[in-house]
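Asker: The structure follows.
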Amino acid sequence: MDNSIKPRVLFIDRDGTLIAEPPVDYQVDSLEKLELLPGMLRAMHFIAHRLPFQLVMVTNQDGLGTDSFPEETFWPAHNKLMQALSNEGVTFSDTVIDRTFESDHAPTRKPGTALLTKYMQGDYDLKGSYVIGDRLTDAMLAKNLGCKAILIGNVRDTDDAVKQAGLSDVVELITPDWEKIPDFLQGGTRRAVVDRNTLVT
């Protein structure tokens, strides 16, 4: 199948990317802890309505469903986030949640791809897809999937970390500002269209 008709995907992290990550326990386990990142809703609205990507949320939620992170503390804030996005016409075609702890070293946990195998079977244009996140593990996930990464964070510190990790060829944009992301993706979309036209002619 020609890549030009395969769907492209934005694999989007949740905590630290769509919403602020609590600095102490890293768990958004109450409505009081739910804080949308500035500009995120506006940017996601543009992406969902104007750009040709499927949206897939991919998030590690350490120990979800255990005593340390009961289900009933997770879903109210998560559902509130999804409703806020839905109100802007932003819907995810898939939500992938890994519940293991980092110490488990599970293949399902980012940057592992065990929960994303259906996207790796040839039906998606992964070379034209992106992982959007805030950690090196998100860039590593992009590398493992065969796509590129966009990282949200302090440009200098993140760029240094990316270089040290040998991921400079994977990370195409580092920005603290969500509003820069649609512009970048739109530019990338235009280049892809030109490239495809060139190949056809």
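The values are calculated or read from the model by the stated rules, or taken from the named source; none is laboratory data. These figures come from a predicted structure and were not determined experimentally. Positions of Cβ are backbone-derived with ideal geometry, glycine not excepted, and every protein chain shown enters the neighbour counts. In case anyone asks, the SASA skips ligands and DNA or RNA and just uses the protein heavy atoms, side chains included. Shrake-Rupley method; radii C 1.70, N 1.55, O 1.52, S 1.80 Å.
Asker: Report, by residue number, each residue of region 102-136 that is surrounded by fewer than 17 Cβ atoms within 10 Å (Cβ to Cβ) and touching a strand residue (DSSP E or B) at 6+ places or on another chain (Cβ under 9 Å).
Answerer: Hits for region 102-136 are Glu102, Ala106, Thr108, Ala114, Lys118, Lys127.
Asker: A further question follows. Have a look at Ala84, Ala77 and point out the one that is of a type in the set (A, V, I, L, M), open to solvent by less than 40 Å² (accessible area, probe 1.4 Å) and out of contact with any Ser or Thr (no Cβ under 7 Å at 6 or more places or on another chain).
Answerer: Criteria check complete, one pass: Ala84.
Asker: Only one of (1) over 24 Å from Leu173 (Cβ atoms); (2) in contact with an Asp or Glu (Cβ under 6 Å, 6 or more places away or on another chain) is not met by Gln61, so which one is it?
Answerer: Looking at each condition in turn, Gln61 falls short on (2).
Asker: Looking for something part of a helix (DSSP H, G or I), open to solvent by 50 Å² or more (accessible area, probe 1.4 Å) and of a type in the set (Asp, Glu) - is there at least one such residue anywhere in region 182-190?
Answerer: yes
Asker: Still on this structure, please answer the following. Does Arg8 qualify as being without any contact (Cβ under 8 Å) to a residue 40 or more places away in the chain, of a type outside the set (Phe, Trp, Tyr) and buried (at least 16 other Cβ atoms within 10 Å of the Cβ)?
Answerer: No, not satisfied.
Asker: Regarding Lys127, is this residue farther than 19 Å from Phe92 by Cα, within 17 Å of the chain's Cα centre (by Cα), free of Cβ contacts under 8 Å to residues at least 40 places away in the same chain and not in a strand (DSSP E or B)?
Answerer: So Lys127 does not fit the description; no.
Asker: Now for a different question. Please work out if Met82 is at pLDDT 95 or above, in contact with an Asp or Glu (Cβ under 9 Å, 6 or more places away or on another chain) and either part of a loop (DSSP other than H, G, I, E, B) or within 30 Å of Pro182 (Cα to Cα) (or both).
Answerer: So Met82 does not fit the description; no.
Asker: Next up: Against the definition (in a helix (DSSP H, G or I) and of a type outside the set (S, T, N, Q)), how does Pro107 come out, yes or no?
Answerer: Considered against the rule, which asks whether it is in a helix (DSSP H, G or I) and of a type outside the set (S, T, N, Q), Pro107 comes out as no.
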